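**Student:** The following block contains the structure, expressed as structure tokens.
No lab work stands behind these numbers, since they all come straight from the coordinates. The shown structure was predicted, so the numbers you read here are calculated from the model rather than taken from an experiment. Don't worry about glycine lacking a Cβ; one is built from the backbone with ideal geometry, like all the others, and counts go over all protein chains shown.
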Amino acid sequence: MARVSLPDAGAIKKDRRVPSDHSQPALPSPCVSVCQIDPVSGNCLGCHRTRAEIAAWRDMTADEQRDLLEQLRQRRQDATGVRRRPTRRRA
């Protein structure tokens, strides 16, 4: 039986994409610690992200994170009927 060599953890971390715009700090995760996936929509009931979006958050650039946050506002409104006013923070 042939042995399969796996990359070490350090090599995997080096392959992670680094945000291209280093002048902007990473945005905080939209997780609200209500981690349950809705079987119908496939979205988390707390933050409204998909599993793929949850897994990819750390590797997204700040611009990608902002785009996703905008999508999440709409998903939250569609799911709950509650419209939140935008924050005063400017990116």
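**Student:** Counting only C-alpha contacts under 8 Å and six or more residues apart, can you give the relative contact order of the range 29-79 as a whole percent?
**Tutor:** Details: 38 pairs, mean separation 13.7, N = 51.
RCO, the range 29-79: 27 percent.
**Student:** Here's another thing I want to ask about it. If you rank Arg49, Arg75, Arg58, Arg83 by fewest surrounding Cβ atoms within 10 Å, what's the result?
**Tutor:** On the way: Arg49 23, Arg75 17, Arg58 12, Arg83 9.
In order of increasing Cβ crowding within 10 Å: Arg83, Arg58, Arg75, Arg49.
**Student:** Name the residue from Leu45, Ser29, Leu68 whose Cα lies farthest towards the positive end of the charge dipole of the range 29-79, charges +1 on Cβ of Lys and Arg and -1 on Cβ of Asp and Glu.
**Tutor:** Leu45
**Student:** In a Debye calculation with equal point scatterers on the alpha-carbon sites of the range 29-79 and no solvent, what is log10 I(q)/I(0) at q = 0.18, 0.30 Å⁻¹?
**Tutor:** Per q value, in the given order, log10 I(q)/I(0) is -0.52, -1.30.
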